[in-house]
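Here, each number is a calculation from the coordinates, and none is a lab measurement. All figures in this text were calculated on a predicted structure; none of them were measured in a lab. For neighbour counting, all protein chains shown are included, and Cβ atoms are generated from backbone atoms with ideal geometry for every residue, glycine included.
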Amino acid sequence: MKPPRILFMEDDFFFARAIRAVLEAESWKVEHATNGEEGLASLREERPDLVLLDVTLPRKNGFEVLDEMATNERMRGIQVVMLTELAAREDIERCFAFGACEYLIKSHVTPAEIVARIRGRLERTPSDDQSVFSAGFALVEGLIVVGVLVLSGMLAYLQFGAYQARVRDAWQVSTIRL
């Protein structure tokens with residue numbers, strides 16, 4: 001079985017070099033494009049298994065790349081994982097509307113998390129994407145988030161109860177007369 005091919009579009013040379021090394025350590029074939037036009041030219045030549053895409057690229061930004069991928073029959077359907085510094089809700093929604101399947105903010109993820117997300121995407125089949133929420137969470141991820149929120153609420157309630165008991169005990173001790 002041949003290794004998955006990933007096209008990484010990133011204009012920051014040092015960041016790209018670091019991430020590329022991590023991806024290649026997974027035995028994945030990684031091609032790097034430094035701008036949108038170069039990336040699109042590579043997409044026209046050979047179809048990758050996944051595109052790792054920055055939004056802020058010179059000579060065609062990530063939005064333009066996504067738009068062209070969506071309108072080109074040969075490029076349509078390639079999984080796109082956004083890896084960018086833009087964190088505005090509008091940018092995230094726009095990427096999902098153009099067909100991105102994941103949105104990672106560079107400063108919020110480690111290289112290991114990037115690898116895990118890509119691995120998960122490479123293992124998915126197209127039918128798996130039917131269960132994705134519009135916010136980009138898979139059903140399991142959504143349930144985990146809900147579980148964590150419920151557990152956090154329960155722990156906060158228990159902490160508050162312990163606090164009230166300590167206050168009550170302190171008040172009783174302060175009212176004891178010697």
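So here's what we get for this one:
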{"item": "³J(HN,Hα) computed for each position of the stretch 112-124 - Karplus, 6.51 cos²θ - 1.76 cosθ + 1.60, integer Hz, glycine/proline x", "result": "5, 5, 4, 4, 4, 5, 5, 4, x, 5, 5, 7, 7"}
{"item": "Cα centre as origin, Lys/Arg/Asp/Glu Cβ charges: the chain dipole, Debye", "result": "800"}
{"item": "Cα-based shape type of the stretch 1-42, given that a ≥ b ≥ c are square roots of the gyration tensor eigenvalues and the cut on a/c is 1.5", "result": "oblate"}
{"item": "Amide H contacts of Phe8 (H built 1.01 Å from N, under 5 Å, at least 5 apart or other chain)", "result": "Glu31, His32, Ala33, Leu52"}
{"item": "Listed residues Leu50, Leu104, Leu155, most fluctuating in the chain (Gaussian network, C-alpha, under 10 Å)", "result": "Leu155"}
{"item": "Listed residues Gly147, Gly120, Gly161, most fluctuating in the chain (Gaussian network, C-alpha, under 10 Å)", "result": "Gly161"}
{"item": "Max mean-square fluctuation residue, GNM over the chain, Cα-Cα springs under 10 Å, options Leu151, Leu40, Leu57", "result": "Leu151"}
{"item": "Cα-based Rg and Dmax for the chain, where Dmax is the largest Cα-Cα distance (Å)", "result": "23.1, 90"}
{"item": "Table column - 3J(HN,Hα) (Hz), the stretch 41-53, Karplus curve with 6.51, -1.76, 1.60, x for Gly and Pro", "result": "4, 5, 5, 5, 6, 8, 7, x, 7, 7, 10, 9, 10"}
{"item": "Rounded to 5, percent antiparallel among DSSP beta bridges of the chain", "result": "5"}
{"item": "Exposure rule at most 10 other beta-carbon atoms within 10 Å, DSSP loop GluC sites (Glu not before Pro): the chain longest free segment", "result": "74-178"}
{"item": "Under DSSP loop assignment and at most 15 Cβ neighbours within 10 Å, longest chymotrypsin sites (Phe, Trp or Tyr not before Pro)-free interval of the chain", "result": "1-132"}
